[in-house]
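Remarks on the structure that follows.
Coordinate-derived values only; no laboratory data. A quick note: this is a predicted structure, and the numbers were derived from the prediction, not measured. All Cβ positions, glycine included, derive from the backbone under ideal geometry; neighbour counts span all protein chains shown.
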Amino acid sequence: MKDKEKILHHYLHTALWTEELDSEFDIEDFAPSAIASAKNDINVFVEKAGKLLDLLPEYDIGQDIWMTRQGHGVGFWDRGLGEVGVKLTEICKEFKTLNVWKSELDVIYFE
């Protein structure tokens, strides 16, 4: 069983990194609602993916969920996982892309 908290940590860190916010902010700067939404998405993804995730570390899973769902040029499909990578990509594509924004109070949100 994969550690969903580790996956969440890497997912949120990757979100900050892709938005070039990682030099000013850390995952503790996400709003509780953003963290709850991310936890839900990770739980759904891990449940759907099941044993397809067995060979991947939590770091790669969290990073690739974010990168794949957002349509960045990398993700599960380019890890050399063959059919597993294709299936994981298909699961990710069930999730909508998200906008990341910083409030005036320096709190990070998803919309």
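Distant-in-sequence amide contacts of PHE30, defined by a placed amide H-H separation under 5 Å and a gap of 5 or more residues or a different chain, comprise ILE108. Label positions at MET1 and GLU94, each projected 7 Å from the Cα along the C-beta direction, are separated by 2.0 nm. From helices alone, the chain scores -16500 deg cm²/dmol at 222 nm; the rule is -39500 (n - 2.57) for each run of n ≥ 4 DSSP H residues, then divide by the residue total. Across segment 57-69, coupling constants 3J(HN,Hα) worked out from phi with the 6.51/-1.76/1.60 Karplus curve, θ = phi - 60°, read x, 4, 4, 5, 4, x, 5, 6, 4, 5, 4, 6, 5 Hz, and Gly and Pro carry x. Taking 7 Å steps out from each Cα toward its Cβ at HIS72 and SER103 produces label points 2.5 nm apart. What label, among (i) 13, 44, 32, 10, 1; (ii) 15, 51, 28, 6, 0; (iii) 13, 34, 28, 17, 5, 2, belongs to P(r) over Cα pairs in 10 Å bins from 0, in percent computed from the structure on display? The calculated read-out lines up with (ii). Cα centroid separation, segment 15-35 to segment 64-111: 15 Å.
Considering Cα pairs under 8 angstrom that are at least six residues apart, work out the relative contact order of the chain and quote it in whole percent. Relative contact order, the chain: 31 percent. Please give every one of the lysines within straight-line cross-link reach of LYS87, meaning a C-alpha to C-alpha distance under 18 Å, and leave out same-chain neighbours fewer than 8 residues apart. Within reach: LYS2, LYS48, LYS51, LYS96.
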